[in-house]
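Asks: Here it is, the structure in full.
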Amino acid sequence: MRTERLKEEIKQYAKEIGIDKIGFATADVFGELRERLRRQQELGYQSGFEKGTLEERTEPQRLLPEAQAIISIALAYPTRMKNAPKSTKEERRGLFARASWGVDYHHVLRDRLEKLTAFIEERVPNAVNKIMVDTGELSDRAVAERAGIGFSGKNTSIITKEFGSFVYLGEMMTNIPFIPDDPVEDSCGDCRKCLDACPTGALIEGGQLNAQRCIAFLTQTKDFLPDEFRTKIGNRVYGCDTCQQVCPRNKGVDFHLHPEFEPEHDIAKPKLKPMLRISNREFKEKFGHISGSWRGKKPLQRNALLALGHYKDTTAIAEMIDVMNNDPRPVIRGTAAWSLGKIGTNEAFRAIEAAMTAEKDERVLYEMKKGLAFGNETGA
């Protein structure tokens, strides 16, 4: 009875500190998840960003030997930007995924979980707790599903009744043996809108994701983007929302419950040309507080170059030529050359040909040749 009363007190306190959903799960082994992760490894579907061994990711007591239960929390984030700035022919804009709008959610959820921990430890002095938000070994989604926060959709997101799938997740392992909540029934049914809409076919039947084909993952890589994906990312500079946007469970969903998550226009939809020449200090000052900055400026600049190519933005040619000729990073020089070819003006092709005479890096030269090949396609 004492544990049940504490559970109700925690739920009430969670509301007071701005936690939108909270659920309680056992700390048992995630057996089904382990088999799914093993299958992902075998198929080469993992992103490489995963933390921990297969055992650590599926056996909570390897991370906290005293663990008896896991508390899962969810915070809703906005899906629509009020008075969003428009892209113009003179100033094209990129787009950060909604999960990167506002302050880095890792900090916000950790703050809520730390408050929850302090609340519990005041009442149970011998409580042992361990907090994780996204970067820990456990799967936030698997924990949330077990705790009744929502069900795992075919788009591999946790879908809640109240907020759709636009929620951030975090969890706390504890040695307190809370009675678990009931899981939510899977409601995807025969719907396959997310599978059909995925631009790269990254979603596999049965709610499995091939991270190597997922645009959200690809926009975070630092090397040359594989050719087949370059025309798929459009103006995305970080992340992808397509599989969530088409989900019927997300129709009309837009919650503005936390000021920290409100998007700043020129950050959530940044002008692309200024991103090409931004310094490290400027990048940190402008983007350092959002989750989409965690890989540094290089992937975002590469994606901005691809977006300018996607738009065939002739107003960016001079700046892109400067990048192609002078940037010290081969990936950025080569991507600039490829995108100049994509824009396809005579000025762009002449610049690529001139740059080839001074370029020494074989990978960049290869990209320059691919850029020039666009001229053969168009007859330029």
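The values are calculated or read from the model by the stated rules, or taken from the named source; none is laboratory data. As the structure is a prediction and not an experimental result, all values here were calculated from the model. Because the Cβ atoms are built from the backbone with ideal geometry, glycine has one as well, and the counts that use them run over all protein chains shown.
Asks: I need the full set of residues from the stretch 313-347 which are touching a Phe, Trp or Tyr at 6+ places or on another chain (Cβ under 9 Å), assigned to a helix (DSSP H, G or I) and not hydroxyl-bearing (Ser, Thr, Tyr), in order please. Talk me through it step by step, then tell me what you get.
Replies: Taking the stretch 313-347 and keeping what is touching a Phe, Trp or Tyr at 6+ places or on another chain (Cβ under 9 Å), we get 330-331, 334-335, 338, 340-344.
Those left that are additionally assigned to a helix (DSSP H, G or I): 330-331, 334-335, 338, 340-343.
Across the stretch 313-347, the qualifying residues are Pro330, Val331, Gly334, Trp338, Leu340, Gly341, Lys342, Ile343.
Asks: Please go through the stretch 34-70 and pick out each residue that is aliphatic (A, V, I, L, M) and either under 25 Å from Asp223 (Cα atoms) or modelled with pLDDT of 90 or more (or both). Spell out the reasoning first.
Replies: So in the stretch 34-70, the residues aliphatic (A, V, I, L, M) come out as 37, 43, 54, 63-64, 67, 69-70.
The answer is Leu43, Leu63, Leu64, Ala67, Ala69, Ile70.
Asks: Pick from the stretch 196-208 the residues that are surrounded by fewer than 20 Cβ atoms within 10 Å (Cβ to Cβ), within 18 Å of the chain's Cα centre (by Cα) and in contact (Cβ under 8 Å) with a residue 24 or more places away in the chain: which of them is farthest from Val246 (Cα to Cα)? Walk me through how you get there before you give the answer.
Replies: Initial filter on the stretch 196-208 (surrounded by fewer than 20 Cβ atoms within 10 Å (Cβ to Cβ)): 196-197, 199-201, 204-208.
Within this subset, residues satisfying the condition of being within 18 Å of the chain's Cα centre (by Cα) are 197, 199-201, 207-208.
From the residues that got through so far, the ones that are in contact (Cβ under 8 Å) with a residue 24 or more places away in the chain too are 197, 199-200, 207-208.
Numbers: Ala197: 7, Pro199: 12, Thr200: 15, Gly207: 15, Gln208: 17 Å.
Only one residue tops the list, namely Gln208.
Asks: Restricted to the stretch 81-102, and to residues that are out of contact with any His (no Cβ under 9 Å at 6 or more places or on another chain) and among the aliphatic types (A, V, I, L, M), which residue is surrounded by the fewest Cβ atoms within 10 Å (Cβ to Cβ)?
Replies: Across the stretch 81-102, the extreme among qualifying residues is Ala97.
Asks: Still on this model: Does the stretch 80-94 include one or more residues that are farther than 30 Å from Arg236 by Cα and acidic (Asp, Glu)? Please lay out each step first, then the result.
Replies: Kept after step one, since they are farther than 30 Å from Arg236 by Cα, are these residues of the stretch 80-94: none.
No - not one qualifying residue is present in the stretch 80-94.
Asks: Filter the stretch 162-189 down to residues that are touching a residue at least 12 places away in the same chain (Cβ under 8 Å) and surrounded by fewer than 15 Cβ atoms within 10 Å (Cβ to Cβ) and give me whichever is nearest to Cys247 (Cα to Cα).
Replies: Taking the stretch 162-189 and keeping what is touching a residue at least 12 places away in the same chain (Cβ under 8 Å), we get 162-188.
Narrowing the set further to residues that are surrounded by fewer than 15 Cβ atoms within 10 Å (Cβ to Cβ) leaves 162, 177, 179, 182, 185-187.
Values: Glu162: 14, Pro177: 36, Ile179: 32, Asp182: 24, Glu185: 17, Asp186: 14, Ser187: 12 Å.
By that ranking, first place goes to Ser187.
Asks: So the check is Cβ under 6 Å with 6+ separation or different chains; which pairs have a first residue in the stretch 324-350 that's more than 15 Å from Glu362 (Cβ to Cβ) and a second one that's modelled with pLDDT of 95 or more and assigned to a loop (DSSP other than H, G, I, E, B)?
Replies: Taking only residues 6 or more apart or on different chains, the pairs are Ile343/Lys312.
Asks: Mind checking which residues of the stretch 214-246 are of a type in the set (Val, Ile, Thr) and either surrounded by 19 or more Cβ atoms within 10 Å (Cβ to Cβ) or farther than 22 Å from Lys273 by Cβ (or both)?
Replies: Initially, the stretch 214-246 is screened for residues of a type in the set (Val, Ile, Thr), giving 215, 219, 221, 231, 233, 237, 242, 246.
Ile215, Thr219, Thr221, Ile233, Val237, Thr242, Val246 - these are the residues of the stretch 214-246 that are of a type in the set (Val, Ile, Thr) and either surrounded by 19 or more Cβ atoms within 10 Å (Cβ to Cβ) or farther than 22 Å from Lys273 by Cβ (or both).
Asks: Filter the stretch 11-26 down to the residues that are in contact with a helix residue (DSSP H, G or I) (Cβ under 7 Å, 6 or more places away or on another chain) and assigned to a helix (DSSP H, G or I), then identify the one that is surrounded by the most Cβ atoms within 10 Å (Cβ to Cβ).
Replies: Per the stated criteria, the residue is Ala14.
Asks: For the stretch 184-224, which positions are among the small types (Gly, Ala, Ser), modelled with pLDDT of 95 or more and assigned to a loop (DSSP other than H, G, I, E, B)?
Replies: Those that are among the small types (Gly, Ala, Ser), modelled with pLDDT of 95 or more and assigned to a loop (DSSP other than H, G, I, E, B): Gly201, Ala202.
Asks: Scan the stretch 364-375 and report the pairs whose first residue is within 13 Å of Thr345 (Cβ to Cβ) and whose second residue is at pLDDT 95 or above and outside any helix (DSSP H, G or I), with Cβ atoms within less than 8 Å and a gap of 6+ or a chain change.
Replies: Here the result reads Phe374/Gly344; Gly375/Gly344, each pair linking the stretch 364-375 to a residue that is at pLDDT 95 or above and outside any helix (DSSP H, G or I).
Asks: Check off (1) loosely packed, with under 15 Cβ neighbours inside 10 Å; (2) touching a residue at least 40 places away in the same chain (Cβ under 8 Å) for Arg192 and give me the number that stays unchecked.
Replies: Against the list (1) loosely packed, with under 15 Cβ neighbours inside 10 Å; (2) touching a residue at least 40 places away in the same chain (Cβ under 8 Å), Arg192 comes up short only on (2).
Asks: Is there a residue being part of a loop (DSSP other than H, G, I, E, B), among the small types (Gly, Ala, Ser), within 15 Å of the chain's Cα centre (by Cα) and surrounded by fewer than 18 Cβ atoms within 10 Å (Cβ to Cβ) anywhere in the stretch 279-300? I'd like the intermediate steps shown before the answer.
Replies: The initial filter retains those residues of the stretch 279-300 that are part of a loop (DSSP other than H, G, I, E, B), namely 279, 288-290, 294-296.
From what is left, the residues that are among the small types (Gly, Ala, Ser) are 279, 288, 296.
Checking which are within 15 Å of the chain's Cα centre (by Cα) leaves us with 296.
From the residues that got through so far, the ones that are surrounded by fewer than 18 Cβ atoms within 10 Å (Cβ to Cβ) too are 296.
Taking every residue of the stretch 279-300 in turn, at least one turns out to be part of a loop (DSSP other than H, G, I, E, B), among the small types (Gly, Ala, Ser), within 15 Å of the chain's Cα centre (by Cα) and surrounded by fewer than 18 Cβ atoms within 10 Å (Cβ to Cβ).
Asks: Looking at this structure, is Gly150 within 22 Å of the chain's Cα centre (by Cα) and at pLDDT below 95? Can you show your working first?
Replies: On the way: within 22 Å of the chain's Cα centre (by Cα): yes; at pLDDT below 95: no.
Here the answer is no, as Gly150 does not meet what is asked.
Asks: Without any contact (Cβ under 8 Å) to a residue 24 or more places away in the chain and not in a loop (DSSP other than H, G, I, E, B) - does that describe any residue in the stretch 97-108?
Replies: As a first pass, look at the stretch 97-108 and keep what is without any contact (Cβ under 8 Å) to a residue 24 or more places away in the chain: 107.
Next, from what is left, pick out any that are not in a loop (DSSP other than H, G, I, E, B): 107.
So far as the stretch 97-108 goes, yes, one or more of its residues are without any contact (Cβ under 8 Å) to a residue 24 or more places away in the chain and not in a loop (DSSP other than H, G, I, E, B).
Asks: For the stretch 44-80, what are the residues that are among the hydroxyl-bearing types (Ser, Thr, Tyr) and either in a loop (DSSP other than H, G, I, E, B) or surrounded by fewer than 20 Cβ atoms within 10 Å (Cβ to Cβ) (or both)? Before you say what the answer is, go through the steps one by one.
Replies: Narrowing the stretch 44-80 to residues among the hydroxyl-bearing types (Ser, Thr, Tyr): 45, 47, 53, 58, 72, 77, 79.
Within the stretch 44-80, Tyr45, Ser47, Thr53, Tyr77, Thr79 qualify.
Asks: Of all the residues that make up the stretch 142-155, how many are closer than 28 Å to Leu64 by Cβ and either part of a strand (DSSP E or B) or in contact with a Cys (Cβ under 8 Å, 6 or more places away or on another chain) (or both)?
Replies: Residues of the stretch 142-155 that are closer than 28 Å to Leu64 by Cβ, as a first pass: 142-152.
This time we only want the ones that are either part of a strand (DSSP E or B) or in contact with a Cys (Cβ under 8 Å, 6 or more places away or on another chain) (or both), so: 151-152.
The qualifying residues number 2.
Asks: Sticking with this one: Scan the stretch 109-141 for residues that are in a helix (DSSP H, G or I), closer than 19 Å to Ala27 by Cα and within 23 Å of the chain's Cα centre (by Cα) and jot them down.
Replies: Listed by number, the residues that qualify are Leu113, Asp140, Arg141.
Asks: Right, next: Can you say whether Ala211 is crowded, with 18+ Cβ neighbours inside 10 Å, out of contact with any helix residue (DSSP H, G or I) (no Cβ under 8 Å at 6 or more places or on another chain) and either of a type outside the set (Val, Ile, Thr) or farther than 26 Å from Ala147 by Cα (or both), as far as the supplied structure shows?
Replies: no
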